[in-house]
Amino acid sequence: MAERILICDDSRELRTLLSAQLQKLGFEVKVAIDGEDALARAQQFLPELIIMDINMPKISGLAATRKIRELPKLKHTPIILLSNFGEEGDVIAGIEAGADEYLVKPFRQGELAAKVKILLRKSTLSARKLDETTVQGLDVKDPDTAMRRFKETGQIVSREFAGFTIIDKLGQGGTAVVYRAMEPMFNKPVALKVISPFAAVKENFLKRLQRSNEISVKLIHKHIVRTYLMGEYQGVHFMMQELVEGAPLDSYLEEGHAPLGEREAHKLIHQVAQALAYLEERKLIHRDIKPGNIYLTREGDAKLGDFGLSRLADDSAQTAEGYLLGTPHYISPEQANGNKDLDIRSDLYSLGATFFHLLAGRPVFEGDSLQAVVLAHLSKQPPKLREVAPKVSEPFAALIDRLLENDRAKRFEHAKDLLAALDALPVLA
């Protein structure tokens, strides 16, 4: 029986060309014309591999990839993302969204065929191993067998890993799986972030990981998720982090959830601003402030996490990795433009974009593609918050609007200035 491949691209010419090439190789091929169509056809067709353009109408390839990874029947289906750009930022965004491979247009037919065959072979093996894992849970006793299966599937299948006792899986992204685990010295629960073997082979990924770890292990602040240590076990990289028993702020953005209230927003933005002031004192910037990187504890307090893109503010050499290091809906104009002299004002813009989204229930800018959103941040002045969220008080809305000034000279100069402005706001009844 022919293996099934779904091609998702808004270019009719490319869909036709790829379909013909893959059908000649003996594959059964279906096509989708935009992101929404891709999601619908993927669930109907249940392909064994998906080839998806990163820029598509209605829903971008990145957003569609994230949604596919949430579907039980498709979460392990290999995905190849296509792009015209080839910037490393696109590669990072694709990996984080859950893609397995990446091709830059134009590409050779042989290159596509090779990647398709490799991913299908890997997928068949991984599916078989994952089925065994589902049956056996975390009961593989032999360390060599457990490590081999991890490198094949990206999933831990043993209760023991590098001295840690694995309790359960907390979550999974494109670059890592996070487990609740007991650490060996004090036998206390921690979050164990284990880097995917598939992400680790990407060029420069481990260098960025090492750099972010060196930064994050030194950060000790009540509103920052603590990283206790980083390590390597049989070639697998991992981090032991503080276990936050709560949810990220992007849970407020789920369908059917009411927008964040102003009183709660004031409290949380103040706490994140404290974390940013702490970073600024150490000449650090985060570069990826967004709802998914701000965690709520059970007590309702905010903790800033995921320092994977953080760097020293005066280390301009580290900014040459690609213009799109960051998340499009929250990226500052200067970061989107590839400026090498980023400072804390870039993080403050992203913080404003984050709380605009949480208060308004929609992002600052929307677009049919990732590039359209980035271009909007580059070229347009964001709408005023009260235009889309009239219930927010004028003083608080004005503060958010100032954070979102396109010209960074008009924003707060330092995080401590934002804290002072927050403290000066009228107390809500």
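The values are calculated or read from the model by the stated rules, or taken from the named source; none is laboratory data. Quick caveat, the model's predicted, so the values are computed rather than measured. Methodologically, a virtual Cβ is constructed for each residue, glycine included, from the backbone with ideal geometry; neighbour enumeration extends over all protein chains shown.
Things to note:
- Residues of region 367-397 satisfying the condition of being assigned to a loop (DSSP other than H, G, I, E, B), surrounded by fewer than 15 Cβ atoms within 10 Å (Cβ to Cβ) and either free of Cβ contacts under 8 Å to residues at least 12 places away in the same chain or among the aliphatic types (A, V, I, L, M) (or both): 390
- For region 22-33, the condition holds for no residue, the condition being that it is within 23 Å of residue 171 (Cα to Cα), surrounded by 21 or more Cβ atoms within 10 Å (Cβ to Cβ) and outside the structural domain of residue 372 (by TED's automatic domain parsing).
- Hits in region 100-118 - residues which are among the basic types (Lys, Arg), within 17 Å of residue 23 (Cα to Cα) and either in a helix (DSSP H, G or I) or in contact (Cβ under 8 Å) with a residue 12 or more places away in the chain (or both): 115, 117
- Among the residues of region 399-422, those that are assigned to a helix (DSSP H, G or I) and farther than 13 Å from residue 266 by Cβ comprise 401, 402, 403, 408, 409, 410, 415, 416, 417, 420.
- Sole residue being touching a Lys or Arg at 6+ places or on another chain (Cβ under 8 Å) and either in the same structural domain as residue 354 (by TED's automatic domain parsing) or charged (D, E, K, R) (or both), chosen from 254, 245, 183, 214: 245
- Here residue 231 meets the list (1) at pLDDT 90 or above; (2) within 30 Å of residue 186 (Cα to Cα); (3) surrounded by fewer than 19 Cβ atoms within 10 Å (Cβ to Cβ); (4) in contact with a Phe, Trp or Tyr (Cβ under 9 Å, 6 or more places away or on another chain) almost entirely, failing just condition (1).
- With respect to the conditions (1) assigned by TED's automatic domain parsing to the domain that holds residue 49; (2) surrounded by fewer than 18 Cβ atoms within 10 Å (Cβ to Cβ); (3) at pLDDT below 60, residue 88 lacks only one, and its number is (2).
- Residues located in region 406-417, provided they are crowded, with 18+ Cβ neighbours inside 10 Å and without any contact (Cβ under 8 Å) to a residue 40 or more places away in the chain: none
- Here the condition is being within 20 Å of residue 274 (Cβ to Cβ) and among the hydroxyl-bearing types (Ser, Thr, Tyr); of 393, 379, 346, 369, it holds for 346 alone.
- Consider region 37-84 and keep the residues that are free of Cβ contacts under 8 Å to residues at least 24 places away in the same chain and over 18 Å from residue 172 (Cβ atoms). The one that is nearest to the chain's Cα centre (by Cα) is 40.
- Test result for residue 340, among the basic types (Lys, Arg) and farther than 20 Å from residue 286 by Cβ: no
- Any hit, region 395-409, residues being among the charged types (D, E, K, R), more than 16 Å from residue 364 (Cβ to Cβ) and assigned by TED's automatic domain parsing to the domain that holds residue 360: no
- Matching entry among 28, 3 (being more than 21 Å from residue 64 (Cα to Cα) and in contact with an Asp or Glu (Cβ under 6 Å, 6 or more places away or on another chain)): 3
- Looking only at residues in region 173-213 that are of a type in the set (Ser, Thr, Tyr) and under 14 Å from residue 241 (Cα atoms), the one that is modelled with the lowest pLDDT is 212.
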